[in-house]
Amino acid sequence: MEPVSELEDDGRIRCGWANGSEMMRDYHDEEWGIPVAGEQAMFERLSLEAFQAGLSWATILRKRPAFREAFRDFDLEYCAGLSDRDVENLMGNEGIIRARAKIEATRSNAAAAIDLRGDGGLEGLISGFAPARSPEPASHSEVPTSSAESEALAKELRSRGFKFVGPTNMYALMEAVGLVNTHLVGCFRRNAAG
């Protein structure tokens, strides 16, 4: 069993993945697993999870300021209105992940999120798939990578036109926004999350 680890400089016990760098520690301590409020905040998280597919989360965090600048803080109207020329310009932006399919998914996902406004909105839809109970992992190997709820959420989002919304990255989204708590048992954030 892989225990939570202790960072030498502050003595707090936290999930082992958080101790690789100050950036990851700060993300773990101050953001990961904490509910977000508002359509734009949820859309940003959904979009960043799509860009993360196949990459490390540390890569996304390092590039997050550039993503926010490129997509105007993930303003839905702006993202939905991106022209093909805008997409080409984003393909030349070295500050972000230059994957055409992911950039185009951000555009189409913004339009799909706007369409949800008359039906409870993006935040309401995603929050509606929160599980009744979170797992209680003692080690990283016990943390699920998907769930019945994340599979159902991915299916629902795809039926509404969203892209890059598989069960694994939707589970990661649910973890990130506090819908499921996978802080390891013993982590100081375990009972403070959500």
- [ ] For Gly120, work out the one condition from (1) in contact (Cβ under 8 Å) with a residue 24 or more places away in the chain; (2) under 14 Å from Leu157 (Cβ atoms); (3) surrounded by fewer than 20 Cβ atoms within 10 Å (Cβ to Cβ); (4) of a type in the set (Gly, Ala, Ser) it doesn't fulfil.
- [x] (1)
Task: Residues located in segment 153-169, provided they are of a type in the set (D, E, K, R) and not in a helix (DSSP H, G or I) - done: Arg160, Lys163
Open item on the list: Restricting to segment 137-163, name every residue that is closer than 15 Å to Met42 by Cβ and touching an Asp or Glu at 6+ places or on another chain (Cβ under 8 Å).
Closed with: Arg160
Open item on the list: I'd like to check which helices (runs of 4 or more DSSP H) are fully inside segment 25-99 and have at least 1 residues that are hydroxyl-bearing (Ser, Thr, Tyr).
Closed with: 39-52, 57-70, 76-80
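Inside segment 19-30, can you point out the residues that are touching a residue at least 12 places away in the same chain (Cβ under 8 Å) and either of a type outside the set (Phe, Trp, Tyr) or surrounded by fewer than 17 Cβ atoms within 10 Å (Cβ to Cβ) (or both)?
Scanning segment 19-30 gives Asn19, Gly20, Ser21, Met23, Met24, Arg25, His28, Asp29.
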- [ ] Evaluate segment 55-66: report whether one residue or more is out of contact with any Cys (no Cβ under 8 Å at 6 or more places or on another chain), of a type in the set (S, T, N, Q) and modelled with pLDDT of 95 or more.
- [x] yes
- [ ] Being farther than 22 Å from Ala41 by Cβ and surrounded by 15 or more Cβ atoms within 10 Å (Cβ to Cβ) is the filter here, so list the residues in segment 94-103 that pass it.
- [x] Ala99
Task: Conditions (1) outside any helix (DSSP H, G or I); (2) in contact (Cβ under 8 Å) with a residue 24 or more places away in the chain; (3) of a type outside the set (A, V, I, L, M); number of the one not met by Ser150 - done: (1)
- [ ] Go through Gly118, Gly178 for me and flag whichever is part of a loop (DSSP other than H, G, I, E, B) and out of contact with any Leu (no Cβ under 8 Å at 6 or more places or on another chain).
- [x] Gly178
Open item on the list: Please go through (1) surrounded by 20 or more Cβ atoms within 10 Å (Cβ to Cβ); (2) free of Cβ contacts under 8 Å to residues at least 24 places away in the same chain; (3) among the polar types (S, T, N, Q) for Ser159 and return the number of the only condition it doesn't satisfy.
Closed with: (1)
- [ ] Examine segment 130-149 for a residue that is surrounded by 22 or more Cβ atoms within 10 Å (Cβ to Cβ) and either under 22 Å from Gln52 (Cα atoms) or touching a helix residue (DSSP H, G or I) at 6+ places or on another chain (Cβ under 6 Å) (or both), and state whether such a residue exists.
- [x] no
TODO: Quick one: count up the residues across segment 152-181 that are acidic (Asp, Glu) and closer than 18 Å to Gln52 by Cα.
DONE: 1
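Which count do you get for residues in segment 31-53 that are touching an Asp or Glu at 6+ places or on another chain (Cβ under 6 Å) and surrounded by fewer than 20 Cβ atoms within 10 Å (Cβ to Cβ)?
Counting residues in segment 31-53 that are touching an Asp or Glu at 6+ places or on another chain (Cβ under 6 Å) and surrounded by fewer than 20 Cβ atoms within 10 Å (Cβ to Cβ) gives 1.
Please specify each residue of segment 54-77 satisfying the condition of being within 26 Å of Asp115 (Cα to Cα) and either surrounded by fewer than 12 Cβ atoms within 10 Å (Cβ to Cβ) or free of Cβ contacts under 8 Å to residues at least 24 places away in the same chain (or both).
Passing the criteria: Arg64, Arg72, Glu77.
The values are calculated or read from the model by the stated rules, or taken from the named source; none is laboratory data. Worth saying up front: this structure is predicted, and the values here are computed from it rather than measured. FYI the Cβ positions are ideal-geometry reconstructions off the backbone, even for glycines, and counts take in every protein chain you see.
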